[in-house]
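Peer 1: Quick one: this structure, given as structure tokens, is what I'll be asking you about.
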Amino acid sequence: MTDFLDPLPWLIMLPLAWGTLAFVLGPGRGGRLAVAAIALQGALALQLAGQLIDSGARVYAVGGWGAPLGIDLMADGLAAVMLLLTQAVALPLAVYARGYFAASPKGRELFWPFTGFLLAALNALFLSADLFNIYVTLELLGLAAVGLVAIAGGRQPVTAAMRYLFATLLGSGAWLLGVALIYGTYGSVSLAVLTPLIHAGAPLAVTLAAALMLAGLLLKTALFPFHFWLPPAHGGAPAPVSALLSALVIKATFYLALRLWLELFAPLTTVAAAQLLGVLGAAAILWGSVLALTQSRLKMLVAYSTVAQVGYLFLLFPLATLVPPGTADSALAGGVMQAVAHGLAKAAMFAATGSMIVATGRDDISRLGGVGARLPLTLFSFGLAGVTLMGLPPSGGFSAKWLLLGSALESGQWWWVVVMIVGGLLTAAYVFKVLRRAFLPRAAGDRVARVPRTLEFSAFALALASILLGLFGAPLLELLAVGREA
């Protein structure tokens, strides 16, 4: 294969190109271009996954100049899984967004450019092979996400965007300070160069750098108690934006935290630190679920559900730290599958939520009467997504939680089993809170209008994918193992 046909650089350049063109083309033609380009990005991600399964992990030197003088892109199984998730979520949401902004046009002019830049940043982040380039992608990702939150205008979205901007800049600042400490110690920011050096022995400055970088990522991922920015941002943005943020953006910073923990800073990890992350994850599951139950606004309920579901991702850390290799591998598989299942399900749930709000003209759970009769496919999609979040069979959420439960029992950490069971019950409670109201008759004076069919089918495609993941997820786990055989 020639360098020109290599999928790695195109996965970054393509969304940058169509995002820029969308400024010129406007929302109509820009939206059509985005759908076609994201489909091509999906094909490139599949091509890359096939290459990795056939030939193993690989490195691409941009312009023929690799590290330390140039820039390397690195792809292994974990990166490929995240790239596939990104394109798989983005394509149905792009189709959804065209119908959504036709019915609710506020902010549609800027949605496509910012989405292009967001996807470019995500793809670049998953492929970056040095700490400073990761910082650059974090900044681009944060600014694009903040811009998307604010596109509808108005006091509430702009205030939420400013709060989000504060959190993302603070997190990026902590990352950059950690990078400076590491560069001052070793004179390099390349992951390939730094990993053996840190594994051979790290001074106190590197331990401090690790703490700073992980703290910055926890803030960006909105892990309890750093979740203050997430509900207003996700709850106040247009539905396709909320879906992108919840399904993909917070997964990027979780991915980085996982990379640092398992690879670069592996010798510095301790059982105490891992248990602390698990405790924060458990608190997120319980507190986020309780707050979701108390919400009267539909989008805020789904936003607080994200706070809760993020907690499951961080149960991976105590289950994969200083335990037998088989247990750690099972925990990693469960944690990554949970990230994928949640990404698909939460995108579906926000998409279905947006359709219900467009149909009723209100973001109010108590006014959902008649939705079940008028929008059965939308409500079915919401329910399917809820099945995945609860972790019921045969969904991807069930497969993920089964792997995590097995790891917890094998390692003797039974308390995480209790947390997952209670979390599943609380998830069922807030999902059925919505379903119960939606199946009630329409109240006098309320309206439930039809919505574009693309809104319903896009949400259904995402929800169905989250279920099928549980039935056909084995190839994903095979891909995840690429580059981790040693």
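The values are calculated or read from the model by the stated rules, or taken from the named source; none is laboratory data. Since the model is a prediction, treat every value here as computed from it, not as a measurement. All Cβ positions, glycine included, derive from the backbone under ideal geometry; neighbour counts span all protein chains shown.
Peer 1: Please find, within the stretch 354-410, the residue that is surrounded by the most Cβ atoms within 10 Å (Cβ to Cβ) out of those that are among the acidic types (Asp, Glu) and in contact with a Lys or Arg (Cβ under 7 Å, 6 or more places away or on another chain).
Peer 2: Our first condition is that a residue be among the acidic types (Asp, Glu); within the stretch 354-410, this holds for 363-364, 410.
Add one more test, that the residue is in contact with a Lys or Arg (Cβ under 7 Å, 6 or more places away or on another chain), and what stays is 363-364.
Working: Asp363: 18, Asp364: 14.
Here the answer is Asp363.
Peer 1: So which residues in the stretch 154-166 are among the hydrophobic types (A, V, I, L, M, F, W, C) and either crowded, with 21+ Cβ neighbours inside 10 Å or not in a helix (DSSP H, G or I) (or both), if there are any at all? Outline the logic, then answer.
Peer 2: Within the stretch 154-166, the first condition is being among the hydrophobic types (A, V, I, L, M, F, W, C), and the residues that meet it are 158, 160-162, 165-166.
Matches in the stretch 154-166: Ala160, Ala161.
Peer 1: Considering only residues that are loosely packed, with under 14 Cβ neighbours inside 10 Å and more than 28 Å from Pro240 (Cα to Cα), which ones fall in the stretch 416-440?
Peer 2: Val418, Ile421
Peer 1: For the stretch 80-97, name all the residues that are crowded, with 24+ Cβ neighbours inside 10 Å and either basic (Lys, Arg) or more than 28 Å from Leu480 (Cα to Cα) (or both).
Peer 2: If the condition is that a residue be crowded, with 24+ Cβ neighbours inside 10 Å and either basic (Lys, Arg) or more than 28 Å from Leu480 (Cα to Cα) (or both), then Tyr96, Ala97 are the ones that fit.
Peer 1: Any residue at all in the stretch 349-359 that is outside any helix (DSSP H, G or I), among the polar types (S, T, N, Q) and over 18 Å from Ala88 (Cβ atoms)? Quick ask: steps written out before the conclusion?
Peer 2: Restricting attention to the stretch 349-359, the residues satisfying the condition of being outside any helix (DSSP H, G or I) are none.
Looking for residues that are outside any helix (DSSP H, G or I), among the polar types (S, T, N, Q) and over 18 Å from Ala88 (Cβ atoms), one finds none in the stretch 349-359, hence no.
Peer 1: Would you say Val302 is out of contact with any Leu (no Cβ under 9 Å at 6 or more places or on another chain), among the hydrophobic types (A, V, I, L, M, F, W, C), modelled with pLDDT of 95 or more and within 23 Å of Val89 (Cβ to Cβ)?
Peer 2: On the way: out of contact with any Leu (no Cβ under 9 Å at 6 or more places or on another chain): yes; among the hydrophobic types (A, V, I, L, M, F, W, C): yes; modelled with pLDDT of 95 or more: yes; within 23 Å of Val89 (Cβ to Cβ): yes.
It is true that Val302 is out of contact with any Leu (no Cβ under 9 Å at 6 or more places or on another chain), among the hydrophobic types (A, V, I, L, M, F, W, C), modelled with pLDDT of 95 or more and within 23 Å of Val89 (Cβ to Cβ).
Peer 1: Mind checking which residues of the stretch 96-143 are of a type in the set (Asp, Glu) and more than 17 Å from Pro27 (Cβ to Cβ)? Before you say what the answer is, go through the steps one by one.
Peer 2: Step one: of the stretch 96-143, the residues of a type in the set (Asp, Glu) are 109, 130, 139.
Of everything in the stretch 96-143, those that are of a type in the set (Asp, Glu) and more than 17 Å from Pro27 (Cβ to Cβ) turn out to be Asp130, Glu139.
Peer 1: Next question. What's the number of the only condition in (1) among the basic types (Lys, Arg); (2) under 26 Å from the mean Cα position of the chain (by Cα); (3) under 20 Å from Val358 (Cα atoms) that Lys401 fails to meet?
Peer 2: (3)
Peer 1: Find all pairs meeting these conditions: Cβ atoms under 7 angstrom apart; at least six residues apart or on different chains; first residue within the stretch 346-373 and over 26 Å from Val310 (Cβ atoms); second residue of a type in the set (Phe, Trp, Tyr) and surrounded by fewer than 21 Cβ atoms within 10 Å (Cβ to Cβ).
Peer 2: Pairs that qualify, where the first residue is over 26 Å from Val310 (Cβ atoms) and the partner is of a type in the set (Phe, Trp, Tyr) and surrounded by fewer than 21 Cβ atoms within 10 Å (Cβ to Cβ), are Gly372/Phe439.
Peer 1: What residue, among those in the stretch 469-486 that are within 16 Å of Gln338 (Cβ to Cβ) and not hydrophobic (A, V, I, L, M, F, W, C), is modelled with the lowest pLDDT?
Peer 2: Filtering first and then ranking leaves Gly473.
Peer 1: Identify the residue in the stretch 167-204 that is crowded, with 16+ Cβ neighbours inside 10 Å and aromatic (Phe, Trp, Tyr) and, among all such residues, is nearest to the chain's Cα centre (by Cα).
Peer 2: Trp175
Peer 1: While we're on this one: Can you pull out the residues in the stretch 452-466 that are crowded, with 23+ Cβ neighbours inside 10 Å and farther than 10 Å from Ala347 by Cβ?
Peer 2: Result: Leu455, Glu456.
Peer 1: Within the stretch 260-283, take every residue that is of a type in the set (Val, Ile, Thr) and part of a helix (DSSP H, G or I) and give me the one that is nearest to Ala160 (Cα to Cα).
Peer 2: Quick first cut of the stretch 260-283, residues of a type in the set (Val, Ile, Thr) only: 269-271, 279.
Those left that are additionally part of a helix (DSSP H, G or I): 271, 279.
Details: Val271: 36, Val279: 27 Å.
In this case the residue turns out to be Val279.
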